[in-house]
Amino acid sequence: YLIKRGHRNIMHIAGTLTRISALERLDGYKKALQDYNVRFQKKLVLQGDFSDATAENALIKYLHAQPPPTAIFACNDMTAIGAMRALKAKGYGIPRDVSIVGFDDIYFAKEIEPKLTTISSSPKTIAVEAVEKLVKMIETNDFKQSKTLIGVSLVERDSVRSV
């Protein structure tokens, strides 16, 4: 989405990289760059932990030494909110100077200013799938781990602009 909007200098603020969801979101970021022939830059991946405070501190530290990217893909909405605070504290406008996309579509995503563009998944679908999988594991006595992919959708709001 960000690349299609003209962004090429896109940062990813990752989650805790011992969690599968964080690793998969980082892989998705890298794959999107590769699919659109945008060069991966390791310096544009900041380590986070899914919290707003860690994202805010990491981005402020980055901005002391580097100009901001044109866009940020945050591992979740709380991380995006922390990044927004850091950018605003440094005088950058969202989306005027930096576009931001979060992940999870939490309640606050539509309440902050600007309203956060985010990726939404269905918590109800996730819960139903998890319970069904657990019941099947118990019934069959087969506790092998497996993946279930849940569809997501983009919720376009006000935190992204085209360049």
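The values are calculated or read from the model by the stated rules, or taken from the named source; none is laboratory data. Note that this is a predicted model, so its numbers are computed, not measured. Here the Cβ positions follow ideal geometry from the backbone for every residue, glycine too, while neighbour counts run over all protein chains shown. In case anyone asks, the SASA skips ligands and DNA or RNA and just uses the protein heavy atoms, side chains included. Shrake-Rupley method; radii C 1.70, N 1.55, O 1.52, S 1.80 Å.
Scanning the stretch 46-65 for residues that are in contact with a Phe, Trp or Tyr (Cβ under 9 Å, 6 or more places away or on another chain), under 25 Å from I106 (Cα atoms) and without any contact (Cβ under 8 Å) to a residue 40 or more places away in the chain turns up at least one hit. Before we move on, is H12 more than 13 Å from the chain's Cα centre (by Cα), in contact (Cβ under 8 Å) with a residue 40 or more places away in the chain and open to solvent by less than 20 Å² (accessible area, probe 1.4 Å)? For H12, the condition - more than 13 Å from the chain's Cα centre (by Cα), in contact (Cβ under 8 Å) with a residue 40 or more places away in the chain and open to solvent by less than 20 Å² (accessible area, probe 1.4 Å) - is not met. Once the stretch 19-42 is narrowed to residues that are in a loop (DSSP other than H, G, I, E, B) and at pLDDT 95 or above, the residue that is most open to solvent (accessible area, probe 1.4 Å) is R39.
When you check L154 against the structure, is it free of Cβ contacts under 8 Å to residues at least 12 places away in the same chain and either within 20 Å of the chain's Cα centre (by Cα) or within 24 Å of N9 (Cα to Cα) (or both), yes or no? No, not satisfied. Can you say whether T125 is hydroxyl-bearing (S, T, Y), farther than 13 Å from H12 by Cβ and modelled with pLDDT of 95 or more, as far as the supplied structure shows? It is false that T125 is hydroxyl-bearing (S, T, Y), farther than 13 Å from H12 by Cβ and modelled with pLDDT of 95 or more.
Listed residues A74, A89, A53, A80; which is over 23 Å from L33 (Cβ atoms) and touching a Gly at 6+ places or on another chain (Cβ under 9 Å)? Matching residue, one of A74, A89, A53, A80: A53.
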